[in-house]
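**Student:** Here it is: the structure, laid out below.
What follows draws every value from the coordinates through simple rules; no lab data is involved. Please read these numbers as outputs of a predicted model, since none were measured by experiment. All Cβ positions, glycine included, derive from the backbone under ideal geometry; neighbour counts span all protein chains shown.
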Amino acid sequence: MALDEAVRQEIQDLIESNDVVLFMKGNRRAPQCGFSATVVGILDSMLPDYHTVDVLSAPHIREGIKAYSSWPTIPQLYVKGEFVGGCDIIQEMFGSGEIYETLGVEPVEVVQPRIEISDSAAAALRQAVSEHGGPGRELHLTVDPTYQANLSIAPRTPADIEAKTNGITLLLDPLSASRADGIRIDIAETPNGQAFKVDNPNAPQVQAMTVRELEAEIESGESFELLDVRTPEERAIAAIPGSVLLNEEEATRIESLPRDTKLVLYCHHGGRSQQAAEQFVSLGFSRVFNVTGGIDAWSQEVDPDVPRY
């Protein structure tokens, strides 16, 4: 099929403007086919950020990328302008370890994670495998870059690492295994009934920062984002110098930053900023601090010229 020049240019612009771009069905958060979901799972385990293009919402791209790449199926992965392949090739590269070099990330050291499964969780997992498993389908545990865990039943891959505990065999990809050491799997009661609860001690946590420590950070000249989560009315009364109000525009900017960016949040006394900080941790940010006591503590311990209210 002849490729329209305008479509070719649109595809080329997408490829050239993103180091890693995946043409897929659906998007990263909601894949719409199993093959796309498989590649997203592999990329999510290795990269905090990459670009996806939903071909279902752009039929001209769906057909155009096939002609552009001379490749008949979706998904398709491009890295630094070069076509890598589709789902089968990505799986093979992941199994062999070749994908690390292609993506420019350091290979992970293969580890045997220590995992604890309660008796009630083990019974529920055995039942799930009995009901939904089958030939070639086994129990998997994945831990993404934000340390969110997911249990699923899927085919084994050559790269999978086995973790056996309490009569249960879990399969993990190498990156998930490196993030899973010390995980405990249990059953929790929820409003919708019982559900698996996975506690991961490796997950990033919000760290406390005193106002004296914040003062020293500011004086050191270290680069970090100082975010005020109060209302505009409160900020008009008093503010810590160098901070920015975390409005919708600023939140969008912060979410686009590398996940190792240092974030320091404050509010009036520390409660609202703790909640906001936890949200950034859930997005994958690994260096998130909450200012203990908020701006009220700053007024009392650091700068009495800052009004209290």
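**Student:** Taking the chain as a Gaussian network, where each spring joins two C-alpha atoms under 10 Å apart, which residue of Pro232, Pro135, Pro158 fluctuates the most?
**Tutor:** So, out of Pro232, Pro135, Pro158, the one fluctuating most is Pro135.
**Student:** Please give the net charge around Ala159, taking every other residue with its beta carbon less than 12 angstrom from that of Ala159, where Lys and Arg add +1 and Asp and Glu add -1.
**Tutor:** Summing Lys/Arg as +1 and Asp/Glu as -1 gives -4.
**Student:** Evaluate the distance, in nm, between pseudo-label points positioned 7 Å from the Cα of Arg156 and of Arg235 along their respective Cα→Cβ axes.
**Tutor:** The answer from the label model is 5.5 nm.
**Student:** Report the local net charge at Val244: Lys and Arg +1, Asp and Glu -1, summed over other residues whose C-beta lies under 15 Å from its C-beta.
**Tutor:** -3
**Student:** For the range 207-301, what is the convex hull (Cα atoms) projected area averaged across all directions, in square nanometres?
**Tutor:** Orientation-averaged projected area of the Cα hull: 5.5 nm².
**Student:** For the range 90-95, what does the Karplus curve 6.51 cos²θ - 1.76 cosθ + 1.60, with θ = phi - 60°, yield as ³J(HN,Hα) per residue in whole Hz, taken in order and with x for Gly and Pro?
**Tutor:** 4, 4, 5, 5, 5, x
**Student:** Please report the relative contact order for the chain, taking Cα pairs under 8 Å with a sequence separation of at least 6, and give it as a percent rounded to a whole number.
**Tutor:** Relative contact order for the chain comes out at 13 percent.
**Student:** Subtracting the Cα-Cα distance from 0.36 nm times the residue separation, let me have the gained length for Leu56 to Asp4 in nm, one decimal.
**Tutor:** 16.9 nm
**Student:** What percent do you get for the relative contact order of the range 207-301 when only Cα pairs under 8 Å and 6+ apart count?
**Tutor:** That works out to 37 percent.
**Student:** Here's something else I'd like to know. Sorting Tyr78, Tyr68, Tyr266, Tyr309 on the 10 Å Cβ count, fewest up front, what's the list?
**Tutor:** So the ranking, lowest neighbour count to highest, is Tyr309, Tyr68, Tyr78, Tyr266.
**Student:** Neighbour counts of other C-beta atoms within 10 Å: give me Cys87, Cys267 arranged from fewest to most.
**Tutor:** Lowest count first: Cys87, Cys267.
**Student:** Note the listed values (1) -0.50, -0.86, -1.17; (2) -0.31, -0.61, -1.24; (3) -0.44, -0.79, -1.20, then indicate which one is log10 I(q)/I(0) by the Debye sum over Cα atoms at q = 0.08, 0.11, 0.15 Å⁻¹ calculated from this particular structure.
**Tutor:** (1)
**Student:** Taking the Cα centre of each part, how many Å lie between the range 54-118 and the range 162-182?
**Tutor:** So the separation of the two Cα centres works out to 23 Å.
**Student:** Also: Please identify, among Glu215, Glu249, Glu162, the residue showing maximal mean-square fluctuation in a Gaussian network model of the chain using a 10 angstrom Cα cutoff.
**Tutor:** Highest fluctuation of the listed residues: Glu249.
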